[in-house]
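Undergrad: Just passing along the structure, written as structure tokens.
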Amino acid sequence: MISIAVDGPSGAGKSTLSRRLAAELGYIYVDTGAMYRTIGLYALRKGADLDSEAQLAALLPEIHLEMRYVDGVQHMFLNGEDVSGLIRTEEVSMAASHVSAHPAVRAFLLETQRGLARENNVLMDGRDIGTVVLPDAQVKIFLTASAEERARRRYDELAARGENVSYEQVLADVRQRDYNDTHRAAAPLCAAQDAVTVDTTGCDFEQSFQMMLDVIRRAPKQED
Ligand code: DC
């Protein structure tokens with residue numbers, strides 16, 4: 001099986017680019033952020049203290065996560081409910097950033113993620129895929145862009161959806177999430193030693209897509 005790991009900070013365009021790349025290659029796309037978001041949503045609904053590992057660990061056995069692929073697109077189901085749309089709000093983004101800091105939450109998801117890669121050719125995106133989840137991935141890409149550019153993209157996305165937020169607030173959230181993701185003790189965001197960094201600052205979708213495809217096509221180990 002072939003695994004491609006794509007890591008990087010929030011808003012670098014990982015999901016959109018990864019989805020398209022996976023479709024191009026005929027691989028399964030695994031959006032691991034969606035899994036953390038779903039746990040964040042559940043914790044919010046339960047009114048849990050997002051910074052309490054004990055409270056989060058107590059909730060995990062109540063959570064049944066399922067990913068179903070509809071036309072190659074991953075839908076997240078939380079205890080049977082399709083939450084794919086609900087997990088995309090700013091509130092859930094921030095909750096995901098908090099819950100993902102807990103080793104118990106990360107351990108809960110690790111086996112699911114590795115299992116998918118054992119059974120399928122995958123393009124998996126997240127924060128620790130190349131470093132922790134799939135250290136033997138044949139291709140590792142660290143996708144990044146400046147905080148300002150990532151905030152601008154995110155702001156445009158939220159505004160198009162009618163969410164009432166300011167650019168300054170989105171930029172502050174991006175910086176806060178970067179800080180949380182890179183400073184946590186458990187599997188912090190960092191590029192794997194053997195990852196190729198792709199910086200998409202100033203690049204449009206097609207340019208970014210081509211840069212990633214070039215990295216994948218140049219990678220040596222492509223045979224099953
Ligand atoms: O990629 P995303 O924005 O959907 O991720 C949501 C949160 O989950 C983000 O704050 C980082 C966290 N995350 C993580 O810790 N590890 C992953 N493999 C994927 C996401």
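Read the figures in this text as sums done on the coordinates, not as results from a lab. Owing to the predicted nature of the structure, the values given are computational and were not obtained by experimental measurement. Cβ sites come from the backbone with ideal geometry, for glycine too, and all protein chains shown count toward neighbours.
Undergrad: With in contact with a Lys or Arg (Cβ under 9 Å, 6 or more places away or on another chain), crowded, with 17+ Cβ neighbours inside 10 Å, touching a residue at least 60 places away in the same chain (Cβ under 8 Å) and within 30 Å of Asp51 (Cβ to Cβ) as the only criterion, which of Leu134, Leu123 stands out?
TA: Result: Leu134 is the single residue among Leu134, Leu123 that is in contact with a Lys or Arg (Cβ under 9 Å, 6 or more places away or on another chain), crowded, with 17+ Cβ neighbours inside 10 Å, touching a residue at least 60 places away in the same chain (Cβ under 8 Å) and within 30 Å of Asp51 (Cβ to Cβ).
Undergrad: Condition first: outside any helix (DSSP H, G or I) and within 14 Å of the ligand (Cβ to nearest atom). Now tell me which residues in the stretch 40-50 satisfy that.
TA: Leu50
Undergrad: Name the residues in the stretch 202-221 that are under 10 Å from Leu143 (Cα atoms) and of a type outside the set (A, V, I, L, M), would you?
TA: Ser208
Undergrad: What do you reckon, is Val73 touching a residue at least 24 places away in the same chain (Cβ under 8 Å), in contact with a strand residue (DSSP E or B) (Cβ under 9 Å, 6 or more places away or on another chain), away from the ligand (no atom under 14 Å from the Cβ) and within 27 Å of Arg153 (Cβ to Cβ)?
TA: Yes.
Undergrad: Scan the stretch 4-22 and give yes if some residue there is out of contact with any helix residue (DSSP H, G or I) (no Cβ under 8 Å at 6 or more places or on another chain) and at positive phi, otherwise no.
TA: No: the stretch 4-22 contains no residue that is out of contact with any helix residue (DSSP H, G or I) (no Cβ under 8 Å at 6 or more places or on another chain) and at positive phi.
Undergrad: Using beta carbons and a limit of 9 Å, which pairs, at least six apart or on different chains, have the first residue in the stretch 107-119 and more than 10 Å from Leu134 (Cβ to Cβ) and within 12 Å of the ligand (Cβ to nearest atom) and the second one among the hydroxyl-bearing types (Ser, Thr, Tyr) and not in a helix (DSSP H, G or I)?
TA: Listed pairs, sorted by first residue: Leu109/Ser100.
Undergrad: Within the stretch 78-110, take every residue that is in a helix (DSSP H, G or I) and among the small types (Gly, Ala, Ser) and give me the one that is farthest from the chain's Cα centre (by Cα).
TA: This residue is Ala104.
Undergrad: Here is a follow-up. Just checking, does the stretch 54-65 include any residue being part of a strand (DSSP E or B), surrounded by 12 or more Cβ atoms within 10 Å (Cβ to Cβ) and touching a strand residue (DSSP E or B) at 6+ places or on another chain (Cβ under 6 Å)?
TA: no
Undergrad: Test of understanding: among Asp71, Asp51, which residue is at positive phi and surrounded by fewer than 13 Cβ atoms within 10 Å (Cβ to Cβ)?
TA: Testing whether each residue is at positive phi and surrounded by fewer than 13 Cβ atoms within 10 Å (Cβ to Cβ) leaves just Asp71.
Undergrad: Restricting to the stretch 16-34, and then to whatever is within 14 Å of the ligand (Cβ to nearest atom) and surrounded by fewer than 18 Cβ atoms within 10 Å (Cβ to Cβ), can you tell me which residue is nearest to Cys203 (Cα to Cα)?
TA: So the residue we want is Thr16.
Undergrad: Also, I was wondering about something else. Sort out which residues of the stretch 57-87 are acidic (Asp, Glu) and over 26 Å from Asn121 (Cα atoms), and write them in order of number.
TA: Once the filter is applied, which keeps residues that are acidic (Asp, Glu) and over 26 Å from Asn121 (Cα atoms), the stretch 57-87 yields Glu62, Glu81.
Undergrad: Keeping to the stretch 1-15, report how many residues are more than 9 Å from Leu123 (Cβ to Cβ) and near the ligand (Cβ under 10 Å from one of its atoms).
TA: So the count comes out to 8.
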